[in-house]
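Just below is one structure, and these are the notes that go with it.
The values are calculated or read from the model by the stated rules, or taken from the named source; none is laboratory data. Since we're looking at a predicted model, the values are computed, not measured. Here the Cβ positions follow ideal geometry from the backbone for every residue, glycine too, while neighbour counts run over all protein chains shown.
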Amino acid sequence: MGFWSDQVVPRMVHVSMKAKPVAEVRGKALAAAGGTVLEVGFGSGLNLAHYPAGVTRLLAVEPSEVARGLARRAIARAPFPVEFAGLDGQRMVVPDGSVDCVVTTWTLCTIPKPELALAEFARVLKPQGTFVFAEHGLSPDPGVARWQGRLNGLQQRLAGGCQLTRDIAALIEASPLKLTALENFYIAGPRTHTYFYVGAATRPE
Ligand SMILES: C[S@@+](CC[C@H](N)C(=O)[O-])C[C@H]1O[C@@H](n2cnc3c(N)ncnc32)[C@H](O)[C@@H]1O
């Protein structure tokens, strides 16, 4: 991994992902979360302040020790218990059919094999459980997509493996989950990095 990925990237993410336009998207996406939530790519806990009242417990999967440390204060303030539940969303120790909701925010861009993670989300969700997501990814605009391809290698090196070119809707549609809601939009900022996919999917019975 190295000093940059281990020490610098989690702190950069913690600061940059607090921006107001991003926080607004968190609130919008997480309104659909409830019950026992498994958050994969928990980072520094920036979602904790945005969960609605129906959340009763949160299990957090996060590989970065630095990010987990940065989350300490937000965890202490959370109105529900928060427990760490593993390091890798691609292979989790969480039992089958045990959570009401899985959440990812700006994480499917970074998980090395997102298709493995999505299969895991389907496994751990109760039947009719919900996967709630806010992600960035491949733009449908050819000019933007071309630049995303050009910048993708640099982005991966600078941002801990984050990729700009993943079609998040296509990944979910190819998974065992059923996409039930999707909004795509840009927020302010470089269009290569700000094309968002926000929505929900369910685990069929
Ligand atoms: C861009 S950050 C987003 C953090 C947080 N979700 C947020 O919204 O602020 C991506 C996160 O995914 C985590 N991550 C990377 N690989 C992962 C994996 N295999 N399983 C779970 N999380 C992973 C990173 O450590 C990082 O915290």
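Structure notes:
- Matching residues, region 175-190, being touching a helix residue (DSSP H, G or I) at 6+ places or on another chain (Cβ under 7 Å) and closer than 30 Å to PRO204 by Cα: SER175, PRO176, LEU177, LEU179, LEU182
- Listed by position, the helices (runs of 4 or more DSSP H) inside region 64-157 whose residues that are within 10 Å of the ligand (Cβ to nearest atom) and modelled with pLDDT of 95 or more number at least 2 are 65-70, 114-124.
- Selection status of SER139, in contact with a Leu (Cβ under 6 Å, 6 or more places away or on another chain) and surrounded by 14 or more Cβ atoms within 10 Å (Cβ to Cβ): no
- Search result, residues across region 88-108 that are out of contact with any Gly (no Cβ under 6 Å at 6 or more places or on another chain), without any contact (Cβ under 8 Å) to a residue 40 or more places away in the chain and farther than 9 Å from VAL124 by Cα: ASP88, GLN90, ARG91
- Residue under evaluation GLY41, criteria (1) within 11 Å of the ligand (Cβ to nearest atom); (2) out of contact with any strand residue (DSSP E or B) (no Cβ under 7 Å at 6 or more places or on another chain), criterion not met: (2)
- Of the residues ALA134, ALA174, the single one that is surrounded by fewer than 14 Cβ atoms within 10 Å (Cβ to Cβ), in contact (Cβ under 8 Å) with a residue 40 or more places away in the chain and of a type in the set (A, V, I, L, M, F, W, C) is ALA174.
- THR194 passes every criterion in (1) under 17 Å from the mean Cα position of the chain (by Cα); (2) surrounded by fewer than 21 Cβ atoms within 10 Å (Cβ to Cβ); (3) farther than 22 Å from ALA23 by Cβ apart from (3).
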